[in-house]
Amino acid sequence: MSYIDGFVAAVPTANKEKYIEHAKLSSLVFKEHGALKITEAWGDDVPDGEVTSFPLAVKCSDQETVVFSCVVWPSKEIRDAGWQAIMQDPRMQDDQNPMPFDGKRLIYGGFESILEV
């Protein structure tokens, strides 16, 4: 079974192209450090909730779009080693690949796969 990192962010809608460029470079680095697959998804049908929702979770404003991303790794061990290398990779530093969104509102976590079909 694989290991998955999931991410949800509020990205300024005007920064969509910047986000795509950021994601392209980031995905190359992730793949070089062991990731099997990276998916980046721009919000299209993401409703506001009354109690909880993706927009509420990241405090998404009217000028922002929710982005959902996931990275699939072969195992947690490869993910842990990969993340350590990714954080040290110069291409992932703010001066070379700045995040085009407020990273303080990024939600992320690692998940052990329990079903793959």
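The values are calculated or read from the model by the stated rules, or taken from the named source; none is laboratory data. Keep in mind it's a predicted model, so treat the numbers as computed, not measured. Here the Cβ positions follow ideal geometry from the backbone for every residue, glycine too, while neighbour counts run over all protein chains shown. Areas reflect the complete protein model, heavy atoms only, side chains present, ligands, DNA and RNA absent. Shrake-Rupley method; radii C 1.70, N 1.55, O 1.52, S 1.80 Å.
Brief remarks follow.
- Selected from K16, K104, K31 as most flexible by GNM, with the chain as the system and alpha-carbon contacts under 10 Å: K104
- Label point at I114 placed 7 Å out along Cα→Cβ; residues across region 54-94 whose backbone nitrogen lies under 11 Å: none
- Distance between the 7 Å Cα→Cβ label points at T39 and R105: 2.4 nm.
- Computed on the chain, with alpha-carbon pairs under 8 angstrom and 6+ residues apart, the relative contact order is 49 percent.
- Estimated inter-spin distance, A81 and A57, nm [label 7 Å along Cα→Cβ]: 3.0
- Each residue of region 107-112 was assigned a 3J(HN,Hα) from its phi angle through the Karplus curve 6.51 cos²θ - 1.76 cosθ + 1.60 (θ = phi - 60°); the sequence is 10, 8, x, x, 9, 7 Hz, with glycine and proline shown as x.
- Expressed as a whole percent, the accessible area of the chain that falls on carbon and sulfur atoms is 56 (1.4 Å probe).
- Matching the structure-derived Rg and Dmax of the Cα atoms in Å against the labelled list (i) 28.7, 81; (ii) 13.4, 39; (iii) 14.6, 41 gives the label (iii).
- Pairwise centroid distance, computed over Cα atoms, of region 79-103 with region 1-30, Å: 11
- In the chain, the DSSP-assigned H stretches of four residues or longer account for a calculated mean residue ellipticity at 222 nm of -9000 deg cm²/dmol, using -39500 (n - 2.57) per stretch and the full residue count as denominator.
- Too-long pairs where the Cα-Cα distance tops 21 Å, listed order kept, from K18/K104; K76/K104; K18/K76; K31/K76: K76/K104; K18/K76
- Within the chain, the longest run free of exposed loop sites, counting GluC sites (Glu not before Pro) that sit outside DSSP helix and strand states (H, G, I, E, B) and have at most 11 other Cβ atoms within 10 Å, spans 51-115.
- Residues of the chain: accessible area per residue with a 1.4 Å probe, Å²: 65
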